[in-house]
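J.: Just passing along the structure, written as structure tokens.
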Amino acid sequence: MAEFSFELNDDQKAVRDWIHGFAADVMRPAAAEWDEREETPWPIIQEAAKIGLYSLDFYAQQYFDPSGLGIPMTMEELFWGDAGIALSIVGTGLAAVGVLANGTEEQIGTWIPQMYGDPDDVKVAAFCSSEPDAGSDVASMRTRAVYDEAKDEWVLNGTKTWATNGGIAGVHVVVAVVDPELGSKGHASFIVPPNTPGLSQGQKFKKHGIRASHTAEVVLDQVRVPGSCLLGGKEKLDERLARAREKAKTGGERLKNAAMATFEASRPAVGAMAVGTARAAYEVALDYARTRQQFGRPIIDNQGVAFQLADMRTRIDAARLLVWRASWMAVNGKPFESAEGSMSKLFASETAKQVTAQAVQILGGNGFTREYPVERMHRDAAIYTIFEGTSEIQRLVIARTVSGVQIR
Ligand SMILES: Cc1cc2nc3c(=O)[nH]c(=O)nc-3n(C[C@H](O)[C@H](O)[C@H](O)COP(=O)(O)OP(=O)(O)OC[C@H]3O[C@@H](n4cnc5c(N)ncnc54)[C@H](O)[C@@H]3O)c2cc1C
């Protein structure tokens with residue numbers, strides 16, 4: 001009979017404590033400054049690289065941890081430290097996963113190491129899918145990739161938006177339309193190597209939260225990349241497109257969309273980020289409630305405050321369990337038959353929003369100022385219900401999956 005345990009093993013605990021140390025000693029003290037500066041915290045990414053916390057090796061080890069808990073544990077601790085800085089550290093991972101999911105072994109070996117650079121010359125990467133008119137509605141994507149057979153090159157044109165690390169990245173992974181007739185089945189992903197002419201940064205967004213993370217438009221104007229930059233290769237793409245055309249003609253069963261399957265698998269990681277932010281705000285609120293005196297006693301003596309803390313803690317633990325379940329399922333190849341990945345992201349992100357709002361309330365006037373970190377955490381938490389699929393889209397995925405009805 002298989003062993004069952006909710007406990008991290010000793011190796012995992014050691015890694016968790018090591019990340020926690022970095023989050024507490026390096027990220028936390030710098031969080032307010034980088035939030036105000038609204039710039040990528042390069043010195044902190046460099047420090048993380050020097051100790052191996054920003055490296056392909058480290059993330060590969062966590063990604064392939066057979067328990068599935070390596071990535072959620074890492075995300076929770078880093079985002080407990082600070083969400084904006086943490087996203088600057090892990091943003092490259094989204095581009096890396098895009099290559100891992102769709103690339104050949106050669107592409108994986110060539111491009112993923114370049115995404116991270118090395119400790120003396122740190123790089124970041126960007127994953128560019130969203131467009132001004134194609135956010136939740138990925139099928140409306142317009143960025144076009146056209147094959148120039150004579151030169152064995154792809155030519156990319158379009159505008160991407162909301163790209164984390166967009167324009168400051170070395171390697172950009174760009175999703176583009178190769179066959180407009182096929183909707184999202186006619187999309188393919190491309191590597192745009194560093195310094196490729198025609199790729200430029202558009203507007204950099206000033207944001208409500210996670211302000212230390214760079215978010216920008218990416219403009220592609222006659223960007224030419226070699227044929228070898230098509231992730232998965234031309235042969236595989238042609239086969240996939242032929243299958244999709246056949247299905248479209250015969251009206252056969254719905255094809256599984258590879259990009260959506262990848263997102264579904266990566267959603268627990270976003271859930272874990274949300275758990276980290278929620279836990280951070282809860283801890284500040286608990287500490288404050290124990291020490292803040294009103295009416296001659298600590299405010300935690302009031303059930304009205306203590307019960308809020310009880311609810312906050314319960315929701316955080318429930319969110320973590322959903323995240324761990326989904327991550328364990330993903331690593332062990334168990335299909336998300338009830339959209340468990342989406343469930344974990346939905347519940348954890350809504351928890352982070354709710355818990356950080358409660359923390360602001362428990363800190364009263366202080367919670368509303370930038371003298372205390374819960375104000376920043378509350379702003380940061382708002383992102384989790386938006387990126388990697390909004391809460392509404394998660395509900396749509398869950399409802400469709402459990403009902404079998406193509407709910408709109
Ligand atoms: C800080 C930040 C970083 C990001 N990083 C990246 C990145 O690195 N790469 C990338 O490609 N993208 C990135 N994104 C984009 C992000 O994934 C999108 O913002 C998200 O998918 C939502 O798309 P949208 O903003 O266009 O909203 P819309 O799709 O326009 O949605 C607006 C509202 O309508 C609701 N809605 C839409 N359709 C439905 C429906 N069918 N049923 C019910 N409600 C619906 C939504 O839930 C939402 O509330 C980032 C976004 C932000 C803000």
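J.: I'd like to check one number: the per residue accessible area of the range 22-64, probe 1.4 Å, reported in Å² as a whole number.
T.: Averaged over the residues of the range 22-64, the accessible area is 49 Å².
J.: What shape does the range 1-123 have by the C-alpha gyration tensor, where a ≥ b ≥ c are the square roots of the eigenvalues, rounded means a/c under 1.5, and otherwise prolate means a/b greater than b/c and oblate the rest?
T.: oblate
J.: If you don't mind, another one. At a Förster radius of 22 Å, what calculated FRET efficiency corresponds to the Cβ-Cβ distance of Arg408 and Lys247, to the nearest 0.05?
T.: 0.55
J.: How far, in nm, would the chain grow between His208 and Arg395 when pulled straight, counting 0.36 nm per residue and subtracting the alpha carbon separation?
T.: 64.9 nm
J.: I would also like to ask the following. Describe numerically, in nm with one decimal, the distance between label points set 7 Å from Cα along Cα→Cβ at Asp221 and at Ala14.
T.: Distance between the two pseudo-spin positions: 5.3 nm.
J.: Counting heavy atoms of the protein chains only and a 1.4 Å probe, report the per residue accessible area for the range 161-235 as a whole number of Å².
T.: 38 Å²
J.: Also, quick follow-up: Take every DSSP beta bridge with both residues inside the chain and express the antiparallel ones as a percent of the total, to the nearest 5.
T.: Of those bridges, close to 90 percent are antiparallel.
J.: While we're here: With all distinct Cα pairs included, what does the Kirkwood hydrodynamic radius of the chain come out to in Å, to one decimal, could you say?
T.: It works out to 22.2 Å.
J.: Could you check the spin-label model distance between Glu36 and Ser136? Points 7 Å from the Cα along Cα→Cβ, value in nm.
T.: 3.7 nm
J.: Long-range amide H contacts for Phe127: which residues qualify at under 5 Å (H placed 1.01 Å from N, peptide plane, sequence gap of 5 or more or a different chain)?
T.: Ala95, Thr164, Val173
J.: How many nm separate the modelled label positions at Asp317 and Ile386, each set 7 Å beyond the Cα in the direction of the Cβ?
T.: Going from the Asp317 label point to the Ile386 one covers 3.3 nm.
J.: Any idea of Val218's accessible area? Nearest 10 Å², probe 1.4 Å.
T.: 0 Å²
J.: Work out how much length Asp121 to Gln61 would gain on full extension: take 0.36 nm times their residue separation and subtract the Cα-Cα distance, in nm to one decimal.
T.: 19.4 nm
J.: What is the gain in length, in nm to one decimal, between Ala310 and Glu106 on full extension, counting 0.36 nm per residue of separation less the C-alpha to C-alpha distance?
T.: Between Ala310 and Glu106, full extension yields 68.4 nm more.
J.: Among rounded, prolate and oblate, which fits the range 117-166 when a ≥ b ≥ c are the square roots of the eigenvalues of its C-alpha gyration tensor, a/c under 1.5 means rounded, and a/b larger than b/c means prolate?
T.: It comes out oblate by the Cα gyration axes.
J.: Continuing with this model, one more query. State which helices in the chain qualify, where a helix is a whole DSSP H run, it must extend 20 Å or more along its own axis by its Cα atoms, and its mean Kyte-Doolittle hydropathy must be at least -0.5.
T.: 83-102, 258-291, 303-331, 340-362
J.: Now for a different question. Provide the solvent-accessible area of Met75, counting protein heavy atoms only and rolling a 1.4 Å probe, rounded to the nearest 10 Å².
T.: Probe radius 1.4 Å; accessible area of Met75 about 20 Å².
J.: Once you have a ≥ b ≥ c as the square roots of the Cα gyration tensor eigenvalues for the range 331-408, tell me rounded if a/c is under 1.5, and otherwise prolate or oblate according to whether a/b is larger than b/c.
T.: In terms of gyration-tensor shape, prolate.
J.: First compute the accessible area of the chain with a 1.4 Å probe, then give the percent of it belonging to carbon and sulfur atoms.
T.: With neighbouring chains kept in place, the figure for the chain is 53 percent.
J.: Where does the chain land at 222 nm, in deg cm²/dmol rounded to the nearest 500, when only DSSP H runs of n ≥ 4 count, each adding -39500 (n - 2.57), divided by all residues?
T.: About -17000 deg cm²/dmol.
J.: Using heavy-atom solvent-accessible surface (probe 1.4 Å) with all chains present, what is the largest-first order of Ile71, Ile168?
T.: So the residues, ranked largest to smallest area, are Ile168, Ile71.
J.: For the range 368-408, what is the accessible area per residue in Å², given a 1.4 Å probe and the full set of protein chains?
T.: So the range 368-408 comes to 57 Å² accessible per residue, rounded to a whole number.
J.: Taking +1 at the Cβ of each Lys and Arg and -1 at the Cβ of each Asp and Glu, which of Phe295, Phe205, Gly93 sits farthest along the dipole of the chain towards its positive end, judged by Cα position relative to the Cα centre?
T.: Phe295
J.: Here's something else I'd like to know. So for each of 16-23, 370-377 I average, over its residues, the number of other beta carbons within 10 Å; can you give me the resulting order with the highest mean first?
T.: Packing order, densest peptide first, comes out as 370-377, 16-23.
The values are calculated or read from the model by the stated rules, or taken from the named source; none is laboratory data. Given the structure is predicted, the values throughout are model-derived calculations rather than measurements. Because the Cβ atoms are built from the backbone with ideal geometry, glycine has one as well, and the counts that use them run over all protein chains shown. To get the accessible areas, we keep the full protein, side chains included, count just its heavy atoms, and leave off ligands, DNA and RNA. Shrake-Rupley method; radii C 1.70, N 1.55, O 1.52, S 1.80 Å.
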